[in-house]
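Please read the structure below before turning to the comments.
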Amino acid sequence: MSSQQNHKLCMIPGPVEFHEDVLTSMSTKATSHVSPSFIPVFGESIELLRKVFVTEQGQPIVVSGSGTLGWDMVASNLIEPGEDALVLNSGYFGDSFAACLKVYGAKVTEVKSEIGDRPTLQEISDALSTKSFKLITITHVDTSTGVLSDVKAISELVKKQSPNTLIIVDGVCSVGSEEIRVDEWNLDVVLTASQKALGVPPGLSILIVSERAIQTFKDRKSPIPSYYASWAHWLPIMNAYESRKGMYFATPPVQLIYALNTSLKQITSTPLETRFEQHKKVSDQIKSVVESLGLQFVPKSREVAANGMTAVYYPEGIQPADLLQKVASHNVVIAGGLHRAIATKYFRIGHMGISVTEPERKHIDNTITALTTSLKELGYSGN
């Protein structure tokens, strides 16, 4: 812990604080991606991802890139030009997923909610009744608003009303902090990134793909309009490493995968239910403090608010830069707004990973103290 004592706590909704063992595991000497010492590490990481996503049959794909690459993988491998996609939009990242799908020729229908809210099941049902959709996308947690979607309920609705529609979940800001069960909830693709609740530095795009989605990919009639993102290249790579054999398409980020392996072992060393409950408890703690200060959340209610982050409107009279800089002066970094319509009106706090699961580090306590002290120093008296 001493190696990180002098840096400002990174309490944004990703990248998050990283465990020292995760960072140390990145400091290996130069290692070939087909080295006998690396191949089993990559293979084991693929197996451990199934535990984190709660799937037995889902195929993990781990590729160098950001979470955004997951959108391209979904769009380029599963959508063919002219096919219909339904995008559930609860913020900036719903906008962006829709834009990505359109690049690959999808005809996109969006169900948009007001800022701070999520589409209702009735609105989703009404949209599903209008046409046959190839896929539906759900942003589990929109990092721009802190809104949490009810993936399980939406999946049940889709399976009942439109069973042929593939269910795609953007879990970049949820996997590792929110409950998600790929097999039980009948999800076809869940995509995420390394730098949030999985607790690994940025640089890995991670997906779990169902057998049904892989068959859909295999049955497509038009060429895959991407070279790097094509599953035709990546599925054999994943199968080879899991079989403890090296294989090459594009060089994997060796040191990041060492880090992923370390973090996944930490995550799976305790029951996932315990991890989810820890994140919910800390979320309730922070949100109760926010309420006690008389501040207003971006989410319309705590029921639709994420457990790994909190989005809060600035109080009247407090300028964004002033609060962010003041909090930073107390050695804590929080994030400004991201949603285009309200970007200058709110701030965001991330609370996931070791900041939550290892309370002895005092990350949450220090963040609360930095926020409350900063507001007071800026003349905000609260209630």
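The values are calculated or read from the model by the stated rules, or taken from the named source; none is laboratory data. Owing to the predicted nature of the structure, the values given are computational and were not obtained by experimental measurement. Cβ sites come from the backbone with ideal geometry, for glycine too, and all protein chains shown count toward neighbours.
Given the residues Val169, Val158, which is the only one that is outside any loop (DSSP other than H, G, I, E, B) and either under 13 Å from the mean Cα position of the chain (by Cα) or within 16 Å of Gly91 (Cα to Cα) (or both)? Reasoning before the result, please.
Working: Val158 fails: either under 13 Å from the mean Cα position of the chain (by Cα) or within 16 Å of Gly91 (Cα to Cα) (or both).
Testing whether each residue is outside any loop (DSSP other than H, G, I, E, B) and either under 13 Å from the mean Cα position of the chain (by Cα) or within 16 Å of Gly91 (Cα to Cα) (or both) leaves just Val169.
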- Query: Could you give every pair whose Cβ atoms fall below 9 Å, whose first residue belongs to segment 261-275 and is within 15 Å of Val62 (Cα to Cα) and assigned by TED's automatic domain parsing to the domain that holds Glu179, and whose second residue is among the aromatic types (Phe, Trp, Tyr) and in a helix (DSSP H, G or I), counting only separations of at least 6 or pairs across chains?
  - Reply: Asn261/Phe42
- Taking segment 288-319 as the search range and keeping residues that are assigned to a helix (DSSP H, G or I) and more than 20 Å from the chain's Cα centre (by Cα), which one is surrounded by the most Cβ atoms within 10 Å (Cβ to Cβ)? Val290
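Residue check: is Arg212 assigned by TED's automatic domain parsing to the domain that holds Gly65, modelled with pLDDT of 95 or more, closer than 21 Å to Gln278 by Cα and surrounded by fewer than 24 Cβ atoms within 10 Å (Cβ to Cβ)?
no
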- Query: For residues in segment 45-93 being among the acidic types (Asp, Glu) and out of contact with any Asp or Glu (no Cβ under 9 Å at 6 or more places or on another chain), which is surrounded by the most Cβ atoms within 10 Å (Cβ to Cβ)?
  - Reply: Asp72
- So how many residues does segment 346-363 have that are over 20 Å from the mean Cα position of the chain (by Cα) and within 26 Å of Ala193 (Cβ to Cβ)? 5
- Message: Among the residues of segment 199-224, what is the count of those that are farther than 16 Å from Thr68 by Cβ, in contact with a strand residue (DSSP E or B) (Cβ under 8 Å, 6 or more places away or on another chain) and in a loop (DSSP other than H, G, I, E, B)?
- Response: 1
- Note on the structure: In the set Ala335, Ala321, Ala343, the lone residue that is in the same structural domain as Leu9 (by TED's automatic domain parsing) and touching a residue at least 12 places away in the same chain (Cβ under 8 Å) is Ala335
